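First the structure, in the form of structure tokens, and then the observations on it.
The values are calculated or read from the model by the stated rules, or taken from the named source; none is laboratory data. None of these values were measured; they are calculated from a predicted model. As a convention, Cβ positions derive from the backbone with ideal geometry for all residues, glycine included, and neighbour counts pool all protein chains shown.
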Amino acid sequence: MDFQPDIIDLGMGNPDFDLLPIELLRRSAEVYFATADRRSLQYGVEQGDGYFRKALAEFLVGVYGFIVDPDLLFITSGASSALDLLCSLYTHPGETIFVEEPSYFLALRIFEDHGLQVLPIPMDGDGLIIEVLEERLQEVHPRFIYTIPVFQNPSGRTLSEARRVELVDLAKQHDFLILADEVYQFLPYGRKPPDPLAKYSEKVEQVISINSFSKILAPGLRLGWIQAHKQVINRLSGSGLLESGGGMSPFTSAQILGLIQSGQLHANIINLQKEYATRLGIMDSALHEKIPQAEYEKPQGGFFFWVHFPGLEAKALRPIVNRYKVDFREGGLFSSEGGLQDFMRLSFCFYNQEGILTGIDRLATCLKDRSQS
Ligand SMILES: Cc1ncc(COP(=O)(O)O)c(C=O)c1O
């Protein structure tokens with residue numbers, strides 16, 4: 001990942017360096033080194049350490065409001081590695097999968113690595129359009145559908161409660177997996193989102209929920225989890241990768257354990273919610289004021305504005321935009337059918353107030369100059 005400090009890259013979907021909780025982690029590591037035995041330096045239990053899964057399950061119960069069984073959690077080294085492992089175990093090259101249009105561009109890269117045929121399903125304000133999915137299912141049997149059902153990357157949209165029920169029914173009926181990437185579930189800035197699809201996973205073998213500490217603590221930890229049916233957990237734990245390497249991230253999870261048990265993870269999330277809500281408001285006002293032609297649904301959580309510029313080809317700005325010392329992610333990256341060229345993804349997670357205001361100002365100047373040239 002290139003980082004050029006003089007360019008304000010509003011495309012950057014990483015947390016701000018200032019929001020990475022180094023002090024929290026230092027204290028947690030100190031406690032760990034003062035008290036831990038050597039077990040966490042050994043090959044770990046394939047499913048992930050039992051104490052860690054128990055603490056994580058208790059934390060999840062607090063947020064979700066429904067029972068989470070620690071035996072149905074599997075510790076990963078992040079959502080990306082979870083996706084990759086699931087593709088390895090559940091797909092073969094050439095098989096078809098469905099994704100949302102738009103979808104997270106780097107997940108599309110993982111699917112490409114596995115040689116999968118990707119078919120897009122359109123979305124509207126309530127997320128994935130179920131009627132279209134139903135139609136496609138008459139013709140194609142996908143191995144799985146990849147969905148980001150809450151504060152989606154890049155669109156910010158959330159799948160409605162009613163559609164969640166319909167989606168799960170269809171997965172049972174047509175026997176395809178739902179890979180639900182729920183990494184933004186903990187970052188609402190207003191109303192609580194619908195319960196995660198993880199809720200269905202205990203009873204419905206087709207539903208696999210993927211989650212991560214990257215957005216709620218720090219991406220560098222490379223730590224996450226899968227919540228799924230016992231059959232899926234057994235399949236993951238019994239894979240060659242796990243049998244050879246042991247559980248993922250035993251050392252990191254041992255250090256994070258105390259942080260979850262003491263409530264500091266929860267406190268960190270509350271801080272992040274406050275900070276990101278402020279930044280979202282700043283970006284919203286700045287867009288209104290400086291780029292009034294920008295069309296978007298105001299996000300209610302997550303990291304992103306998905307902005308439509310009718311008539312503009314975002315890619316065409318590529319050769320000039322860096323001259324204005326600003327950048328964005330062009331919509332086409334998030335399309336699996338070469339569309340969405342007139343969209344941009346702008347993030348409000350990486351820069352503080354000053355950075356966001358300067359970035360939007362520069363983008364406004366770039367757009368103005370281009371429209372006049
Ligand atoms: C939807 C989505 N899934 C997965 C990831 C990556 O997660 P991880 O850092 O846990 O691999 C991101 C990061 O931007 C994301 O937006």
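Summary of computed values
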read-out	value
Leu340 assigned by TED's automatic domain parsing to the domain that holds Ser28 and in contact (Cβ under 8 Å) with a residue 24 or more places away in the chain	no
Qualifying position, being within 19 Å of the chain's Cα centre (by Cα), among the hydroxyl-bearing types (Ser, Thr, Tyr) and more than 30 Å from Lys298 (Cβ to Cβ), among Ser201, Ser160, Ser214, Ser209	Ser201
Qualifying residue in region 32-39 (condition: exposed (fewer than 13 other Cβ atoms within 10 Å of the Cβ), at pLDDT 95 or above and not in a helix (DSSP H, G or I))	no
Search result, residues across region 289-326 that are outside any loop (DSSP other than H, G, I, E, B) and either in the same structural domain as Ser155 (by TED's automatic domain parsing) or of a type in the set (Gly, Ala, Ser) (or both)	Gly301, Ala314, Ala316
Selection within region 125-149 - in a loop (DSSP other than H, G, I, E, B), in contact (Cβ under 8 Å) with a residue 12 or more places away in the chain and of a type in the set (A, V, I, L, M, F, W, C)	Val140, Ile148
Criterion: within 16 Å of the ligand (Cβ to nearest atom) and either in a helix (DSSP H, G or I) or not assigned by TED's automatic domain parsing to the domain that holds Asp71 (or both) - qualifying residue of Ile226, Ile256, Ile208	Ile256
Check on Ala82, crowded, with 16+ Cβ neighbours inside 10 Å, away from the ligand (no atom under 15 Å from the Cβ) and assigned to a helix (DSSP H, G or I)	no
Residue that is farther than 28 Å from Asp195 by Cβ and among the hydrophobic types (A, V, I, L, M, F, W, C), where the choices are Leu60, Leu73, Leu56, Leu20	Leu20
Count of region 234-253 residues which are part of a helix (DSSP H, G or I) and surrounded by 15 or more Cβ atoms within 10 Å (Cβ to Cβ)	8
Residue count, region 65-79 (criterion: within 22 Å of Phe251 (Cα to Cα) and either more than 16 Å from the ligand (Cβ to nearest atom) or free of Cβ contacts under 8 Å to residues at least 24 places away in the same chain (or both))	3
Residue list for region 297-312, filter: within 18 Å of Leu10 (Cβ to Cβ) and more than 20 Å from the chain's Cα centre (by Cα)	His308, Phe309, Leu312
Where Ile282 falls short, out of the listed (1) touching a residue at least 12 places away in the same chain (Cβ under 8 Å); (2) outside the structural domain of Phe304 (by TED's automatic domain parsing)	(2)
Verdict on Val61 being out of contact with any Ser or Thr (no Cβ under 9 Å at 6 or more places or on another chain), β-branched (Val, Ile, Thr) and assigned to a helix (DSSP H, G or I)	yes
Inter-residue pairs, beta-carbon under 6 Å, first in contact (Cβ under 8 Å) with a residue 12 or more places away in the chain and in region 198-219, second near the ligand (Cβ under 10 Å from one of its atoms) and in a helix (DSSP H, G or I), 6+ apart	Ile210/Ala79; Ile210/Ala82; Ser212/Ala79; Phe213/Leu221
Out of Val165, Val118, sole residue that is more than 16 Å from the ligand (Cβ to nearest atom), of a type in the set (Val, Ile, Thr) and either assigned to a helix (DSSP H, G or I) or not assigned by TED's automatic domain parsing to the domain that holds Ser336 (or both)	Val165
Residue check for Ser103: in the same structural domain as Gly224 (by TED's automatic domain parsing), within 16 Å of the ligand (Cβ to nearest atom) and touching a residue at least 60 places away in the same chain (Cβ under 8 Å)	yes
